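Reviewing the structure listed below.
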Amino acid sequence: SFRNDGLKASDVLPILKEKVAFVSGGRDKRGGPILTFPARSNHDRIRQEDLRKLVTYLASVPSEDVCKRGFTVIIDMRGSKWDLIKPLLKTLQEAFPAEIHVALIIKPDNFWQKQKTNFGSSKFIFETSMVSVEGLTKLVDPSQLTEEFDGSLDYNHEEWIELRLSLEEFFNSAVHLLSRLEDLQEMLARKEFPVDVEGSRRLIDEHTQLKKKVLKAPVEELDREGQRLLQCIRCSDGFSGRNCIPGSADFQSLVPKITSLLDKLHSTRQHLHQMWHVRKLKLDQCFQLRLFEQDAEKMFDWISHNKELFLQSHTEIGVSYQYALDLQTQHNHFAMNSMNAYVNINRIMSVASRLSEAGHYASQQIKQISTQLDQEWKSFAAALDERSTILAMSAVFHQKAEQFLSGVDAWCKMCSEGGLPSEMQDLELAIHHHQTLYEQVTQAYTEVSQDGKALLDVLQRPLSPGNSESLTATANYSKAVHQVLDVVHEVLHHQRRLESIWQHRKVRLHQRLQLCVFQQDVQQVLDWIENHGEAFLSKHTGVGKSLHRARALQKRHDDFEETALNVGPTLGIVQSPRPHPGRFPAPDRLCAMDAKRDVMSTTDQEQESHGALLPL
């Protein structure tokens, strides 16, 4: 409502200064505006184009509501040629943009009736009336007429032009500034944000420059000019050192517009400040978001690149201990470098948490990126841990397998070399060492077997629903499984061969021990017979001279025979059935017992029961 794209006072300033016509601000009795053409003798010297512009401009001076009531045009023909009235009226009819209620023509002093008749025959769209100055005051209140029509309305044409120029300059500057501020509002109201860090930094710099534009906006200067114009219109102060124009209804109608425009300027600038700070916050958050996205994207690229490197050889577990150890060393170095990158990932996660807690406008997007980055890292870290475990198991398995295979020849040699000892103590020591060797071999084989089984379980474990998205979900360890099985089968083959060799020597050692025990038992029996049995028989040859004596001898002989019968089982001798009472059975078969290693002798109780029968 403050824009005026039509003519300005400056556009018609030359003809305006000539006071060809003016709008004094007076009103007719209907409240319509009054357009005055003062008396002059050179109407014919005015260009029609200039006159058209002038009346067009003057028609825009009163407010729109007043213009709707129709203009009262006062044409003072005193001192003018009468034949100039018709061109002037025709110009008004063709060029005047507003409605004309009536044209009051002040007739010359010497007016002919014939000219009046000729004039009345012309046709115009508005009413025309010939009046005298005295008659004019009857149609228009003298307070609304200027002094040249015997009225009391105070009007100064030069001051009016000056004030009008100032008002139009003020409106033009204020509207232009308001338009600029509104354009800045539209810029600040934009919701789109740059998509990269450089764009964000550039937009922040532009936003800082925009604040300077807002601060440089001459709102205070325009406010001072507007207040000066209001004071002039309201007659509170002078205008340019002269008195203001009291009673100018046209200027008074501009007071609300000036006040509203000033308020609009202040409120728009205040709103701009608020919008600037809101936009500044958004741009800072956008810059933080783009930095976060850039850092996150770098880590996504880093993880993706290292995943590719990882997947190139992640199914290799080594075919030997040294190869597995080299792979483990390489992987540990790779994993350590990867864990160093976790510092950056952890920093990005912390930034995401702070941005979300600070109420960032894209907090949901930041949480999604943060969650995705966390999942990507955990998947990668889990794959690293899994490979570390597999390589550690592979290194231990190959180490123990190689240790077992490297000891096979020595173990075979220990099981087969050397003859059998002849002494029982040496035999017992050899059997102990042989059993220890068996336990050593069995322990080594058991460890290789268990480690191989555990490694195969890891390589062949079924895919659970929980780790279907893992990095190694599609890993094919079939080649590694065959390599492990080949080693296990080789170890099993050597273990079975070792067990066969060991078992053979074990049987020989135990047989030799049984032979030694048997020989020792036989020798003890023979020594007893020689030292005790023969001595008893040679000493007791009598048969008794009486029944009592004979029974006593028989009792002693039976006791001796019972003792002799007990010596055989005690020493491991198996006897044949007794042929008849009273005779000492000759041993017919001796057998060495596995469990008999100590020489058995007659107990003290047996010796005490036999008395003199059994010499000590």
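Screening region 157-240 for helices (runs of 4 or more DSSP H) wholly inside it with 1 or more residues that are in contact (Cβ under 8 Å) with a residue 40 or more places away in the chain and acidic (Asp, Glu) returns the ranges 157-188, 219-233.
Scan region 121-156 residue by residue and report those that are assigned to a helix (DSSP H, G or I) and either basic (Lys, Arg) or touching a Ser or Thr at 6+ places or on another chain (Cβ under 9 Å) (or both). Listed by number, the residues that qualify are GLY135, LYS138, LEU139, PRO142, SER143, GLN144, GLU148, PHE149. When the residues of region 7-31 are filtered to those that are small (Gly, Ala, Ser) and surrounded by 22 or more Cβ atoms within 10 Å (Cβ to Cβ), the one that is farthest from the chain's Cα centre (by Cα) is ALA21.
Once region 425-484 is narrowed to residues that are hydroxyl-bearing (Ser, Thr, Tyr) and either within 33 Å of the chain's Cα centre (by Cα) or not in a helix (DSSP H, G or I) (or both), the residue that is modelled with the highest pLDDT is TYR477.
Conditions tested, residue by residue: (1) open to solvent by 70 Å² or more (accessible area, probe 1.4 Å); (2) modelled with pLDDT of 85 or more.
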residue: CYS516; (1), (2): no, yes
residue: THR541; (1), (2): yes, no
residue: GLY544; (1), (2): no, no
residue: LEU547; (1), (2): yes, yes
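Each row is one residue, and each column tells you yes or no for (1) over 30 Å from PHE193 (Cα atoms); (2) open to solvent by less than 40 Å² (accessible area, probe 1.4 Å); (3) touching a residue at least 24 places away in the same chain (Cβ under 8 Å).
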position	(1), (2), (3)
LEU327	yes, yes, yes
MET349	no, no, yes
ARG354	no, no, no
GLN375	no, no, no
ALA381	yes, yes, yes
MET393	yes, no, yes
PHE397	yes, yes, yes
GLN403	yes, no, yes
GLY407	yes, yes, yes
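Figure legend. Inter-residue proximity from region 46-59: first residues within 17 Å of LEU165 (Cβ to Cβ) and buried (at least 19 other Cβ atoms within 10 Å of the Cβ), second residues of a type in the set (Phe, Trp, Tyr) and at pLDDT 90 or above, beta-carbon distance below 8 Å, spacing 6+ or different chains. Indicated pairs: LEU58/PHE22. Among what's in region 67-109 and is among the hydrophobic types (A, V, I, L, M, F, W, C) and open to solvent by 30 Å² or more (accessible area, probe 1.4 Å), pick the residue that is farthest from ASP50 (Cα to Cα). So, considering only residues that are among the hydrophobic types (A, V, I, L, M, F, W, C) and open to solvent by 30 Å² or more (accessible area, probe 1.4 Å), the one farthest from ASP50 (Cα to Cα) is TRP82. Of the residues that make up region 361-368, is at least one touching a residue at least 60 places away in the same chain (Cβ under 8 Å) and within 25 Å of GLN495 (Cβ to Cβ)? No: zero hits.
Evaluating VAL599 against the criteria (1) at pLDDT 50 or above; (2) open to solvent by 60 Å² or more (accessible area, probe 1.4 Å); (3) not acidic (Asp, Glu) leaves one unmet condition, (1).
The values are calculated or read from the model by the stated rules, or taken from the named source; none is laboratory data. Every value quoted in this text rests on a predicted model; they were computed, and no experiment measured them. All Cβ positions, glycine included, derive from the backbone under ideal geometry; neighbour counts span all protein chains shown. Keep in mind that these areas ignore ligands, DNA and RNA; they rest on the heavy atoms of the full protein, side chains included. Shrake-Rupley method; radii C 1.70, N 1.55, O 1.52, S 1.80 Å.
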